[in-house]
1. Among rounded, prolate and oblate, which fits region 138-197 when a ≥ b ≥ c are the square roots of the eigenvalues of its C-alpha gyration tensor, a/c under 1.5 means rounded, and a/b larger than b/c means prolate?
2. Which value, in debye to the nearest 20, describes the size of the charge dipole of the chain about its Cα centre when Lys and Arg Cβ atoms bear +1, Asp and Glu Cβ atoms bear -1, and nothing else is charged?
3. With +1 on each Lys and Arg Cβ and -1 on each Asp and Glu Cβ, and nothing else charged, work out how big the dipole of region 175-247 is about its Cα centre, in Debye to the nearest 20.
4. For region 66-202, what is one quarter of the convex hull surface built on the Cα atoms, given in nm²?
5. Name the residue, out of Ala18, Ala79, Ala208, whose mean-square fluctuation peaks in a Gaussian network model built on the chain with Cα pairs under 10 Å.
6. Do the alpha carbons of any pairs in Lys36/Lys173; Lys36/Lys205; Lys103/Lys146 sit beyond 24 Å of each other, and which pairs?
7. Rounded to the nearest 20 debye, what is the charge dipole size of region 27-121 about its Cα centre when +1 sits on each Lys and Arg Cβ and -1 on each Asp and Glu Cβ?
8. Only bridges with both residues in the chain count here: give the DSSP antiparallel percent, nearest 5.
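Laboratory data are not the source of any read-out in this text; all were calculated from the coordinates shown. Please read these numbers as outputs of a predicted model, since none were measured by experiment. Methodologically, a virtual Cβ is constructed for each residue, glycine included, from the backbone with ideal geometry; neighbour enumeration extends over all protein chains shown.
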Amino acid sequence: MLVLLPPSETKADGGEGAPLDLGALSFPELNPVRAKLSDALVELAGDVPASLSALGISARQADEVARNAQLRTSPTMPALRRYTGVLYDALDVRSFTRAGLAKAQQRLAVTSALFGVVSATDPIPAYRLSGGNTVPALGTVRGLWKPVLEPVLREVEGLVIDLRSGTYAAFAKLRPDAVTVRVVTEDAPGNRTTVSHFNKAYKGKLAAVLATSRSEPSTVEQLLRVVSKAGLTVERTGEHALELLTG
């Protein structure tokens, strides 16, 4: 089973790992594009105004450009600790038992504008690059990743649960049997709507359940049982589509 998470704009500072080594990352087929993007970001960081423009950030976020300048030399930390924010707070990887963490390392992966996709423990530095950005001389991030990322993800074995946001889902189509999850809220009359406010938090809770479950589901039916047993309300709305209810 592989659970695909979206990344976060915010990243934790620091780290205790050695500087970025593309050879230490999972999915080595992605390394040529990773190298291109890394080199381009470091070079772009030499021109702060151009970096701010390309990254779509303000002068108050110039420290993000400094991060990119040090991309090849700054310390690394495991991906699940590098990404922060609502989803990763809800995932709460620091609360995992040793056994749960071992499972999470095999089951969770994060989509990334810079790295394409990384496994839970892949050592990565802090950086700034979003899925909707365009890198001068290279083009759109989406355009760079789609031709190489799609075939890699289609070869993933076992059940795939897609929790990516729309921006990162556009990087690559998954196999037709990949399971998509929509977070919804239900009002008194029973009408359901997508809720952006709770979307990330509930995806984080779902990911935590799947990451640490004793059993590893291989079918949608087994997936439903695991999630329901953990106390989350989930319903099947299509052959490979689920709705996760808030509340």
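1. Because a/c hits 1.5 or more and a/b fails to exceed b/c, region 138-197 counts as oblate.
2. Once rounded to the nearest 20, the dipole reads 280 debye.
3. Taking the Cα centre of region 175-247 as origin, the dipole is about 260 debye.
4. For the Cα atoms of region 66-202, the hull's average projected area reads 10.7 nm².
5. Looking only at Ala18, Ala79, Ala208, the biggest GNM fluctuation is shown by Ala18.
6. Check vs 24 Å cut-off fails for Lys36/Lys205; Lys103/Lys146.
7. Its charge dipole is roughly 460 debye.
8. Bridges in the chain are about 60 percent antiparallel.
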